[in-house]
1. Rounded to the nearest 10 Å², what accessible area does Asp313 have for a 1.4 Å probe in the complete protein model?
2. Treating only the Cβ of Lys, Arg, Asp and Glu as charged (+1, +1, -1, -1), what charge dipole size does the stretch 4-322 show about its Cα centre? Round to the nearest 20 debye.
3. Straight-line reach from Lys28: which lysines fall under 29 Å, measuring Cα to Cα and dropping same-chain residues less than 8 apart?
4. In the chain, with Lys and Arg counted as +1 and Asp and Glu as -1 at Cβ, which of these residues, Ile177, Gln160, His249, has the Cα nearest the positive end of the dipole, that is, farthest along it?
5. Treat every Asp and Glu Cβ in the stretch 130-265 as -1 and every Lys and Arg Cβ as +1, leave all other atoms uncharged, and give the resulting dipole magnitude about the Cα centre to the nearest 20 debye.
6. Only bridges with both residues in the chain count here: give the DSSP antiparallel percent, nearest 5.
7. Let me know the shape class of the chain, please: from the alpha-carbon gyration tensor, a ≥ b ≥ c as square roots of the eigenvalues, rounded when a/c is under 1.5, otherwise prolate if a/b is greater than b/c, or oblate.
8. For Ile308, what residues show an amide H to amide H distance below 5 Å, using hydrogens built from the backbone and excluding near sequence neighbours?
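The values are calculated or read from the model by the stated rules, or taken from the named source; none is laboratory data. No experiment lies behind these values; they were computed from the predicted model shown. Note that we place each Cβ from the backbone using ideal geometry, even for glycine, and neighbour counts take in every protein chain shown. Heads up: the accessible areas ignore ligands, DNA and RNA and are worked out on the full protein's heavy atoms, side chains in. Shrake-Rupley method; radii C 1.70, N 1.55, O 1.52, S 1.80 Å.
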Amino acid sequence: MSQTLLEVENLKKHFPIKRGLFSKTIGKVYAVDGISLRIHRKQTLGLVGESGCGKTTAGKTILKLLEPTDGAISYGGEDITRYDRHEMKSFRRKMQIIFQDPFSSLNPRHTVSSIIAAPLEIHRLARGKEIEDRIVDLLKKVGLPSESMRRYPHEFSGGQRQRIGIARSLAVEPELIVADEPVSALDVSIQAQILNLLQDLQEDLGLAYIIIAHDLSVIRHISNQIAVMYLGRIVELAPNAELYTNPLHPYSEALLSAVPIPDPAIKKKRITLKGDVPSPIDPPAGCRFHPRCPHRFDPCDKVEPELIQVGGDHSVACHLRLGE
Ligand code: SF4
């Protein structure tokens with residue numbers, strides 16, 4: 001087993017809901033409500049779930065871009081949960097984020113050169129001519145010509161802009177990148193190119209990734225491990241091949257049934273879930289998935305199932321699977 005880079009234990013992020021003249025707290029949004037996972041060096045964890053399940057908040061809280069409400073985060077064996085801005089400085093470099101929409105995350109008034117130079121200057125990683133050499137090298141790494149440095153974001157296609165975003169995050173030589181829906185804004189034909197680029201960079205630079213996606217087909221070929229998230233909780237955690245061949249949670253089964261199979265001879269039934277993800281302000285009692293679950297039975301609306309290891313590295317939170 002590869003070395004653990006980052007570990008989160010019972011991580012929670014709740015947002016208070018305030019009302020009235022005195023901003024009285026009248027409730028909470030339970031966006032992330034007790035997740036535990038490990039990310040290994042040079043490995044990819046896919047974090048998947050419908051929109052509203054808390055995966056983006058989980059990604060930001062893991063990186064401490066949002067302060068956790070509870071739980072623990074350790075990086076390289078060091079507990080960073082309560083580190084302040086100053087104490088986080090050396091960790092910021094090591095943990096980067098790539099956003100879903102490359103256009104909105106790149107300043108349209110800045111050239112590619114100044115976009116990539118900014119993190120190099122902030123972290124004092126290069127100066128003078130060295131900066132230009134680093135930019136050329138980073139552009140090459142992400143498959144863009146050096147002339148790109150004098151152009152502006154609007155002059156590039158969506159896929160090229162995502163490459164610029166990746167070059168900017170690589171500038172500080174990170175160890176871990178959280179990629180939040182990195183290809184969902186791109187054409188299907190371009191998606192594979194960006195995922196291949198991420199894989200090549202992982203091999204060359206030894207990066208670890210958390211790739212957040214709403215669609216299991218996107219992370220199929222890039223993830224070593226997959227965590228399925230529903231309403232602030234991880235409901236299934238398994239090695240990639242295990243999850244695709246033997247999903248144990250009814251929610252994972254439904255997500256998987258929507259993944260197209262390239263062989264037309266293989267027919268599978270699509271499981272359509274009724275309704276939307278319920279509000280994280282007032283999650284359902286018992287199993288949070290019970291109002292939509294086709295298999296719910298007696299204890300499901302009363303007792304919340306724990307995430308339990310059912311064999312090897314495969315864990316699931318479902319009463320159906322207790323004792324398996
Ligand atoms: Fe369905 Fe019950 Fe399992 Fe929840 S615990 S996923 S409601 S069978």
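1. Only protein atoms counted, so the area is about 80 Å².
2. 720
3. Filter leaves Lys12, Lys13, Lys18, Lys55, Lys60, Lys64, Lys274, Lys302.
4. The listed residue farthest towards the positive side: Gln160.
5. 280
6. Here the share of antiparallel DSSP bridges comes out near 65 percent.
7. In terms of gyration-tensor shape, prolate.
8. Answer set, sorted by chain and number: Val316, Ala317, Cys318.
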